1. In the stretch 104-120, how many are at pLDDT below 95 and in a helix (DSSP H, G or I)?
2. For the stretch 343-368, what are the residues that are farther than 11 Å from R533 by Cα and surrounded by fewer than 24 Cβ atoms within 10 Å (Cβ to Cβ)?
3. Pairs only if they're at least six apart or on different chains, beta carbon under 6 angstrom, first in the stretch 77-94 and among the basic types (K, R), second in a strand (DSSP E or B); list them, first residue then second.
4. Would a scan of the stretch 573-587 turn up a residue that is of a type in the set (D, E, K, R) and crowded, with 20+ Cβ neighbours inside 10 Å?
5. Taking F96 as meeting all but one of (1) in a helix (DSSP H, G or I); (2) within 21 Å of R211 (Cα to Cα); (3) of a type outside the set (S, T, N, Q), write down the number of the exception.
6. For E426, are the conditions met, namely being in contact with a Cys (Cβ under 9 Å, 6 or more places away or on another chain) and farther than 30 Å from V336 by Cβ?
7. Take the stretch 33-72 and flag every residue that is closer than 18 Å to R239 by Cβ and not in a helix (DSSP H, G or I).
Amino acid sequence: MVRYVYDFAEGGRDMADLLGGKGANLAEMTRLGLPVPPGFTVTTEACRAFLATGAEPEGMTAEISRHLTAVERAAGRSLGQRDDPLLLSVRSGARFSMPGMMETVLDIGLNDESVQGLAKTSGNERFAWDSYRRLVQMFGSTVMGVDTALFEGTITLLKEAREVQDDVQLDAGDLAWLVETYKSLIRDETGQDFPQSPAEQLRLAVLAVFRSWNGERARLYRKREHIPEDLGTAVTVQRMVFGNLGADSGSGVAFTRDPATGRPGLYGDYLSNAQGEDVVAGIRNTVPLTDLERLDPESYRRLCDHMGTLERHYRDLCDIEFTIERGTLWMLQTRVGKRTAEAAFAIAAELAEEGLITPDEALARVSGDGLARLMFPRFDTAATGDALAHGIPASPGAAVGAAVFDSAEAVRRAAAGEKVVLVRQETTPDDLPGMLAAQAVLTSRGGKTSHAAVVARGMGKVCVCGAEELTVNTDARRFTTRAGTVVEEGTVVSVDGSAGAVYLGGVPLVASAFMRYLETGEQADGIVAAGARALRHADAVRRLEVRANADTPEDAARARRFGAQGIGLCRTEHMFLGERRKLVEEMILARTDAQRARALGALLPLQRRDFVGILEAMDGLPVTIRLLDPPLHEFLPDRTELAVRVATADARGEPPTAHDTELLAAVDRMHEENPMLGLRGVRLGLVVPGLVAMQVRAIAEAVVQRVRAGGAPHAEIMVPLVGAVEELRLAREEVEQVLARIGEETGVPVRCPVGTMIELPRAALTAGRIAEEAEFFSFGTNDLTQTAWGFSRDDVEAEFFAAYLDKGVFTASPFETIDRDGVGRLVRIAVDEGRAARPGLTIGVCGEHGGDPESVHFFHAAGLDYVSCSPFRVPVARLEAGRATL
Ligand code: ADP
Ligand code: MG
Ligand code: MG
C-alpha cells in the first residue's frame, strides 16, 4: 500500500525527493532534538497523483486525519477547538528550494467561534483577530482564488480612515471588521462562503498547495532554474507558533555564516512582535540578529547553540527561519543556504580547514562557473540605473568606455589612452585590432559563438552580442535604442558581460583580487586563498591535462601563468593578417611558381618569428600548431567594396588599377556559396602549392632556433578538417619531407608529431583508419557540432536557438555545452577506434567546449588526455577537471 503521510519523527534529510526539502529538513531537525513545532508531511507522490487525476489519492485524507490526531494528542487540544484552538500552518516544499514561489496558508483552524477561544487563552484579543484576518485573506486568495489586491485595497482604506500608517496600529475592533468585510468579499467574488469547518479548511488548503506547483510564478521559476516540471511539491502541516504575541515574541531569519562573503558567525535579521512573513515581506524594519542578544539573551544563546548543531551536522552553511513565542524558541525551517561564488570558496576552504569536510568534498562544493566569477571585475551593482539595452551575455565581466564604431577609431583612441567600447553590428577578423584595443565589444547581431563572442571570450574581453534592441549606424557613428535614446560616438557606456546589459555612463567597477593572484601569485585575502586552495586540490586529483588555445607569445605566457600545460591549439590565421595581408594577396594572385615562392618566402621569416616566441613562452611543454584553416578569400578584400571601387574609377573615366581588377577577378573566382564547407583546412594545403611547406618550414626552423638557444621546444603539427585518411597521408608526406630536409640543412634533427583534428563526422566514423596516419587527435568540437547538426554556427544562434531552447529541443546551445548524445557519441567512437588502431594515441579537444564545465566532465568520462581552452578559461578547466574525478 502506498503511504502518503510521514510524521516528522519518521523522515530525514535523505528523503527530500518524497518530503520536499522543507519537510525532510524539519524531520531532520526533529530527530536532532531541536525544538520544532510538531507536524507531518504529505508526500510529493500524493501531489503528483492529485495533479494527474484531479482527485485526492485514495486513503490520503484518512492518513492525514490519523497523523493530525497524533499532533492533537501531543498538544492536548484539537484543531479549531472552540475554547482553545490548535492552529496549523500548511506549507509547500519541493525537492529543490523555490523560495516564495508556491503557497503557504497560516492559522488554519480559526473560525467565528474559535477566534473567541484564542482571544481568551492568549489573553490578547487583538492577536486573535489579527490571526483570523490573516487566515481569511490568505485562504481567500490562495485557496479560493480571490485577487489579493482586493484584500489589500480594503485594509488600505481602513488604515486611511483610521489615519494610521501601520497594520500594528489597527485594534481588535478594526480587525474584526476586516474579517467580516473579507468574508463578504469572498462571497461576492466566488459565490461561496469562507469555510467555517477547520477540517474542511485543512483539506482545501492541502489541495491548494498541490495546485500551486503549477502556478505561473512557480513554472517560470522552474524554467529559469532548470528544475524538472514533474516533481510536484510536498505539503507540510505543522502546529502554529506565534511570534506576534507581544514584545517577548518575534520572528527572524539567520545564516550560520555570511552568505555574501562566507565569513563565520551568525548573520541575520530579527523582528519582534511579528510573524515570519512580515520579516521577508519587509513591511517593518528588522534589526540585526545580534540585537536579539540584548532583547532576549536566553533565546539568543539557544539559537546560537542550535545553529552550531546544524552547521556541524550538515557540515555546511545553513540558513534557518525561527520564531520566538513568549520567550520560547522554535525552529521553523532550515536548509543548506545559497551563497555567492566568493562565499562558496571561502566556506569550503574553512570547513576543510576545520576538518569538517574532506578536501574532495570542499572541491565538490565549488564550481568552475564560480571561479570564473572570481576572475572578472564587476560593476558595483548598487550604482546601475536602467539598462539601455539587453543582449546575450557572451563574455562575462564589466567594462566602461567611450562608444566607438570601427576598429581604426578604437585603436586611435586607445593609443591616446582613452578606454573604448567597440560597437558593431557584428565583428569580422578585420575588427581584431579594435577588439584588442577595446575594453568591451558590443554587437547588435550574432549569438554566443558569433565571431565577436568567441574572440572576446578568448581574450577575456567583456562582450554583449545580439543586442537586437540597438540599431547601429556605423556611418553616422551612433546607435539608437528601441526607446529612442541616441548614443553618439565618444559617449561613455558600461557593458555588463555577465548580465548581458548595457548602461549609459560609467558604472563604477570593483576589481578582482583573484585575477591579481593568478597573474602574480599574490594572495590578497581569504577568498583568494580559498580559490587557490581549491585549484591546488583539483590539480592534485585530476587526470585530464589542461592546455590553452593561444596564438601569440603574450597569450602563451599568460596561459602558462594560469597553469596551462601546453598549447592545444595555436591558430596560424592571425599571423596572416595586418601588414602581412599584402603578402597573402600576392600569394593568392601569383600566376607563376616563382611569384608564389617569392610571396611565401616573404611570409616565412614572419611566421618563424611568431613560432619562436610561442615556443619560448611554452618551453618544455607541447605546442600544437594548426596549419592554415580558413578559406583564402577571407584574406582578400570584401567583394562589394572592391566592385564599388572599380565601378567609381570607371565612372570617372579612369581605368581601374590593374591590381584592383585582378583582385576582383580573384575574389570572383574564389567565391563560394558555403565557404565553411569549401576550400579550407587540409584541402587548401593539398591544392595551394607550397603553403604547407612554408608553414612547416617556419615551424621546423623555429624549433631548430630554440634548440640552438638551449631550449626544449615541443612543436606538434596539426592538420585541420581531415575527412579521409588519404588526405592526412598526403599532407603528412609533405610535412615529413620538409622536416627531414630541415634536419639535413641544419644538422639538428627535428621531430614533430603529426596529428589531425577530428571535426567532421566522417573523420570520427573512420577514426580507426585515420589513426594509422595520426600521432594524435584533437577534437574540433565547434566544427564537429556544426557539421553533425547541420547548424551554421555563424548564422543560427540568434535566429532560432532561442526558440529551440524555449521549446526544449535542447537545454543549452550545443555550441556551448557538448551534445553528449550526438556529437558526444561521435567523440566516443573516435576515441575507441583511434586507440584500438593506435594504442596510447594522445587525444584532446580544442573547441570552445574545452572550457565549458559540463563538457569538461564529459571529456573526462570519455577518456581524453587533455582539454584545451582560451587562457582565461584555463583555471576553470583545471578546477572542473578535478571535480570530474569526484
Ligand atoms: P516559503 O517556502 O515561501 O518560505 P514557508 O512554508 O516557509 O514558505 O512559510 C512562510 C512563513 O510562514 C515562514 O517564514 C514562517 O515564518 C511562517 N510559518 C510557517 N509555518 C509556521 C508555523 N508552524 N508557525 C509559525 N509560523 C509559521
Ligand atoms: Mg520559508
Ligand atoms: Mg575547425
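The values are calculated or read from the model by the stated rules, or taken from the named source; none is laboratory data. Note that this is a predicted model, so its numbers are computed, not measured. Glycine gets a Cβ as well: all are built from the backbone with ideal geometry, and neighbour counts include every protein chain shown.
1. Summing the residues that are at pLDDT below 95 and in a helix (DSSP H, G or I) in the stretch 104-120 gives 0.
2. Matches in the stretch 343-368: A343, L351, E354, G355, L356, I357, T358, D360, E361, A364, R365, S367.
3. R77/L86; R91/T104; R91/T236
4. no
5. Only one criterion in (1) in a helix (DSSP H, G or I); (2) within 21 Å of R211 (Cα to Cα); (3) of a type outside the set (S, T, N, Q) is unmet by F96, namely (1).
6. yes
7. G33, L34, P35, V36, P37, P38, G39, F40, T41, V42
A quick yes/no check of all residues on (1) of a type outside the set (D, E); (2) in contact with a helix residue (DSSP H, G or I) (Cβ under 7 Å, 6 or more places away or on another chain); (3) over 23 Å from S212 (Cβ atoms); (4) surrounded by 15 or more Cβ atoms within 10 Å (Cβ to Cβ):
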{"residue": "L26", "(1), (2), (3), (4)": "yes, yes, no, yes"}
{"residue": "P37", "(1), (2), (3), (4)": "yes, no, no, yes"}
{"residue": "R48", "(1), (2), (3), (4)": "yes, no, no, yes"}
{"residue": "G54", "(1), (2), (3), (4)": "yes, no, no, no"}
{"residue": "G76", "(1), (2), (3), (4)": "yes, no, yes, no"}
{"residue": "R82", "(1), (2), (3), (4)": "yes, yes, yes, no"}
{"residue": "V90", "(1), (2), (3), (4)": "yes, yes, no, yes"}
